[in-house]
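S.K.: One structure is given below, represented as structure tokens, and several questions about it will come after.
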Amino acid sequence: MSPLFPALAAGSTRPALQFGDQALSHAELATVAGALAARIAGAPRVAVWATPTLGTAVGVVAALLAGVPVVPVNPKTGERELTHIVTDSSPALVLAERGVELPPVLAGLARLDTDIDHVSDATGVPGEAGPAAPLPAEPSPEAPALIVYTSGTTGPPKGVVLPRRAVAATLDALEDAWQWTETDVLVHALPLFHVHGLILGILGPLRRGGSVRHLGRFGTDGVACELSSGATMLFGVPTMYHRIAEALAGDPALAKALNGARLLVSGSAALPVHDHERIAAATGRRVIERYGMTETLMNTSVRADGEPRAGTVGVPLAGVELRLVDETGAAITAYDGETVGEIQVRGPNLFTEYLNRPDATEAAFDDGWFRTGDMAIRDPDGYVRIVGRKATDLIKSGGYKIGAGEIENVLLEHPGVREAAVTGEPDEDLGERIVAWIVPAQADAPPSAEELAAHVGAQLASHKRPRTVRYLAALPRNDMGKIMKRALRG
Ligand code: MCA
Ligand code: AMP
């Protein structure tokens, strides 16, 4: 396989990464990440403590250069979820910025600093992980590049094994769809432990030989500042575009900055048509959407040279086969804008397996096609419109996928909770917000909403905390005793 990052191999002096006042060119990144890579080469797997910092990008690139599969870890993950991820993926090492205190479950692992000064100082110096080793040749395309954890309807998150081939294929298909070049400067504020922020948002610019400026934390001021000083593209989840739409009325500088962008891209959840229209009216520019999944990377997009169409996720990307399937499993041939089916995909962009879960891997495929669980229709010209999802127990909040069952299990362990059900309710800002329906153990002394949110946050990722708690005397159940979630409405 050719190198994943040709500009690193070529030692390009163009800017590559910028986080606040820290920046590296491709050549500098090659030196710094190469030094770290030499120290981790040969490890079976490494975890990266994925703070929104330059060190995280350096750590991930180092692992990829070394051919060592990397597990990005959300630094706001609570104890139970973190223990599951570490036990399931068994990393040999953890990469983190110097000075960051790691929780006990990671503290026992050998640790390497990703702090750039320290990495360059340490070139060739034997570290905790052993002496520097020469870099291996470019691994095979099927070799795992990353293992990204994603929530399902029940049970703990599954590790999605993404081969190098899938990363290269998806980024090259986006090059084609978005006319993405080395002259593009991307700005975003997405977390670096998911596909959107890490693979598209960091590895994307690096593969193109272009650059990314990461804001550290999302804010409309940061977006305006970067887009008016050379950045050409913005990536965000719908919540971010919603916050931009809200701010635009009183912020002409933001409107001007967005107007000057080459491409505004939204993904991870549906961007409501209302926000599309508000942004278009205030800026004269249309946001385009792309549709992907941790398991499939990117499947479709509105093309940069295509017609932007609010409410659609565009057309299948180069190399991606997409079909709609009805309840009987038959492929739908209609492109009529009304026949609904489940999206199934096939192509070089797909993952290889769920780590340690052959059962789940097998269940995810239908004769070689990956079942996305997303329901869609197709316009006559092939544009895909997502209209819903099969599983009612999956919640998308702020662009994060969250399984209701995982939160319910944690809530049920709280001594003040007798019964618990979790639902997603429409939320203007987050798309959906997590709502916990609680039957307290003692009706006259229910645990407070804050207490329950803190309880969930201590065990799971912080974005899985319920935002609203509603108390009931009993949960609605059918004759079989199954909770009727549809009857739970605020
Ligand atoms: C949240 N907070 C809470 C509670 N819930 N505090 C108390 N009780 C609660 N119940 C905290 C938050 O953790 C945060 O704390 C603080 O409130 C304020 O939150 P805010 O800044 O408004 O941010 P947010 O609302 O938590 O987040 C909005 C966000 C975020 C920035 C849009 O949701 C986000 O970064 N989303 C991106 C998700 C993403 O990248 N998904 C990609 C996966 P603190 O300040 O301490 O943090 S999907 C994917 O990869 C596929 C392939 C795809 O298609 O893209
Ligand atoms: P995740 O598993 O966290 O990677 O989330 C993947 C899911 O996000 C998909 O299965 C879709 O339900 C949803 N998604 C991603 N992009 C879009 C989009 N542009 N419009 C609607 N849903 C989206």
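S.K.: Taking Ile40 as meeting all but one of (1) buried (at least 22 other Cβ atoms within 10 Å of the Cβ); (2) modelled with pLDDT under 95; (3) touching a Gly at 6+ places or on another chain (Cβ under 7 Å), write down the number of the exception.
M.R.: (3)
S.K.: Another question about this same structure. Which residue is least open to solvent (accessible area, probe 1.4 Å), if the candidates are limited to the stretch 47-86 and must be charged (D, E, K, R) and over 15 Å from Pro191 (Cβ atoms)?
M.R.: Taking the candidates together, the pick is Arg80.
S.K.: Return the pair list, or none, for Cβ contacts closer than 6 Å from residues in the stretch 274-287 that are surrounded by 19 or more Cβ atoms within 10 Å (Cβ to Cβ) to residues that are at pLDDT 95 or above and part of a loop (DSSP other than H, G, I, E, B), at least 6 apart or on different chains.
M.R.: Short answer, once both residue conditions are applied: His276/Val287; His276/Ala310; Ile279/Val287.
S.K.: Please find, among Ala458, Ala445, Ala487, the residue that is of a type in the set (Gly, Ala, Ser), over 23 Å from His84 (Cβ atoms), open to solvent by 30 Å² or more (accessible area, probe 1.4 Å) and in contact (Cβ under 8 Å) with a residue 12 or more places away in the chain.
M.R.: None of the others qualify; the one that does is Ala445.
S.K.: Confirm whether Gly197 is closer than 29 Å to Ser25 by Cβ, open to solvent by less than 10 Å² (accessible area, probe 1.4 Å), within 13 Å of ligand 1 (Cβ to nearest atom) and in a helix (DSSP H, G or I).
M.R.: Here the answer is yes, as Gly197 does meet what is asked.
S.K.: Moving on to the next point. So Trp437 ticks every box in (1) within 13 Å of ligand 2 (Cβ to nearest atom); (2) in contact with a Leu (Cβ under 6 Å, 6 or more places away or on another chain) but one. Which box is left unticked?
M.R.: Trp437 satisfies all of (1) within 13 Å of ligand 2 (Cβ to nearest atom); (2) in contact with a Leu (Cβ under 6 Å, 6 or more places away or on another chain) except (1).
S.K.: Something else: Considering only residues that are free of Cβ contacts under 8 Å to residues at least 60 places away in the same chain and under 24 Å from Ile386 (Cα atoms), which ones fall in the stretch 344-373?
M.R.: Selection gives Gln344, Val345, Arg346, Thr361, Ala363, Phe365, Asp366, Asp367, Gly368, Trp369, Arg371, Gly373.
S.K.: Could you tell me which residue of the stretch 246-273 is farthest from Gly197 (Cα to Cα), considering only residues that are open to solvent by less than 60 Å² (accessible area, probe 1.4 Å) and within 12 Å of ligand 2 (Cβ to nearest atom)?
M.R.: By that ranking, first place goes to Leu271.
S.K.: Shifting gears a bit: Can you find, within the stretch 401-430, the residue that is farthest from ligand 1 (Cβ to nearest atom) among those that are in a helix (DSSP H, G or I) and open to solvent by less than 50 Å² (accessible area, probe 1.4 Å)?
M.R.: Gly405
S.K.: Checking the conditions here, which among Thr220, Thr294 is open to solvent by 10 Å² or more (accessible area, probe 1.4 Å) and touching a residue at least 40 places away in the same chain (Cβ under 8 Å)?
M.R.: Thr294
S.K.: Additional query: Over 22 Å from the mean Cα position of the chain (by Cα), among the hydroxyl-bearing types (Ser, Thr, Tyr), modelled with pLDDT of 95 or more and more than 16 Å from Thr77 (Cα to Cα), is that true of Thr423?
M.R.: no
S.K.: From the set of residues in the stretch 138-174 that are charged (D, E, K, R) and in a helix (DSSP H, G or I), which is surrounded by the most Cβ atoms within 10 Å (Cβ to Cβ)?
M.R.: Restricting to residues being charged (D, E, K, R) and in a helix (DSSP H, G or I), the top hit is Arg164.
S.K.: Please go through (1) open to solvent by less than 10 Å² (accessible area, probe 1.4 Å); (2) away from ligand 1 (no atom under 16 Å from the Cβ); (3) of a type in the set (S, T, N, Q) for Thr392 and return the number of the only condition it doesn't satisfy.
M.R.: Answer for Thr392: the failing condition is (1).
S.K.: I've got another one for you. For the condition modelled with pLDDT of 95 or more and more than 15 Å from ligand 2 (Cβ to nearest atom), what is the one hit in Arg290, Arg243, Arg286?
M.R.: Arg243
S.K.: OK, next. Any residue at all in the stretch 358-367 that's in contact with a strand residue (DSSP E or B) (Cβ under 6 Å, 6 or more places away or on another chain), open to solvent by less than 20 Å² (accessible area, probe 1.4 Å) and closer than 23 Å to Val265 by Cβ?
M.R.: For the stretch 358-367, residues in contact with a strand residue (DSSP E or B) (Cβ under 6 Å, 6 or more places away or on another chain), open to solvent by less than 20 Å² (accessible area, probe 1.4 Å) and closer than 23 Å to Val265 by Cβ: absent.
S.K.: Kindly indicate which of Arg213, Arg207, Arg243, Arg164 is closer than 21 Å to Val287 by Cβ, touching a residue at least 60 places away in the same chain (Cβ under 8 Å), of a type in the set (D, E, K, R) and more than 12 Å from ligand 1 (Cβ to nearest atom).
M.R.: Within the list Arg213, Arg207, Arg243, Arg164, the selection yields Arg213.
S.K.: Among the candidates Gly347, Gly329, Gly398, Gly341, single out the residue that is on the phi > 0 side of the Ramachandran plot, over 24 Å from the mean Cα position of the chain (by Cα) and open to solvent by less than 60 Å² (accessible area, probe 1.4 Å).
M.R.: Gly329
The values are calculated or read from the model by the stated rules, or taken from the named source; none is laboratory data. Not measured: the values here are computed from a predicted model. Neighbour counts run over all protein chains shown; Cβ positions are idealised from the backbone, glycine included. Note: accessible area is taken over every heavy atom of the protein model, side chains too, but ligands, DNA and RNA are not part of it. Shrake-Rupley method; radii C 1.70, N 1.55, O 1.52, S 1.80 Å.
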